[in-house]
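Peer 1: Before I ask anything, let me first share the structure, which is written out below as structure tokens.
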Amino acid sequence: QVHLVESGGGLVQAGGSLRLSCAASASIFSFNAMDWYRQAPEKQRELVATITRGGSTLYAGSAKGRFTISRDNAKNTVYLQMSSLKAEDTGVYFCRGTALQGGDYWGQGTQVTVSS
């Protein structure tokens, strides 16, 4: 069983920065892709950023230019560096891994609150 554990959330003022971490219990190369999702209160979960096994990155329009997804292969950890945070970035941030052998794995989420 693969586990993903997010950390790094918290309360930050608008314009500030946070770095989220997603630590995997397996090699991150065992995933086709790893993603960060966000779920705001009373809204559906939405994709924020993706990093593929090959290292390509994709961003939602709202994240482009402000968020950066990256990984540390040795630590089996994926990061989401968020800057110029806005109130609308508030939500629970989840990490997802899509396994090469099939199946999706989700972390428990970490809360990000941006005060305006």
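The values are calculated or read from the model by the stated rules, or taken from the named source; none is laboratory data. All figures in this text were calculated on a predicted structure; none of them were measured in a lab. Because the Cβ atoms are built from the backbone with ideal geometry, glycine has one as well, and the counts that use them run over all protein chains shown. With ligands, DNA and RNA removed, areas are computed over all heavy atoms of the protein, side chains included. Shrake-Rupley method; radii C 1.70, N 1.55, O 1.52, S 1.80 Å.
Peer 1: Of Ala74, Ala33, Ala49, Ala26, which residue is over 24 Å from Val114 (Cα atoms), at pLDDT 95 or above and surrounded by 14 or more Cβ atoms within 10 Å (Cβ to Cβ)?
Peer 2: Ala33
Peer 1: Another question about this same structure. Do you know which of the residues in the stretch 81-103 that are over 21 Å from Ser116 (Cα atoms) and either at pLDDT 95 or above or aliphatic (A, V, I, L, M) (or both) is most open to solvent (accessible area, probe 1.4 Å)?
Peer 2: Out of the qualifying residues, it is Leu100.
Peer 1: Return the only residue of Ser25, Ser21, Ser62, Ser56 being without any contact (Cβ under 8 Å) to a residue 60 or more places away in the chain and in contact with a His (Cβ under 7 Å, 6 or more places away or on another chain).
Peer 2: Testing whether each residue is without any contact (Cβ under 8 Å) to a residue 60 or more places away in the chain and in contact with a His (Cβ under 7 Å, 6 or more places away or on another chain) leaves just Ser25.
Peer 1: Same structure again: In the list Gly9, Gly55, which residue meets the criterion of being open to solvent by less than 40 Å² (accessible area, probe 1.4 Å) and touching a Leu at 6+ places or on another chain (Cβ under 8 Å)?
Peer 2: Gly9
Peer 1: Still on this structure: Can you pull out the residues in the stretch 28-69 that are of a type in the set (Gly, Ala, Ser) and within 11 Å of Gly91 (Cβ to Cβ)?
Peer 2: Residue satisfying the conditions is Ala40 alone.
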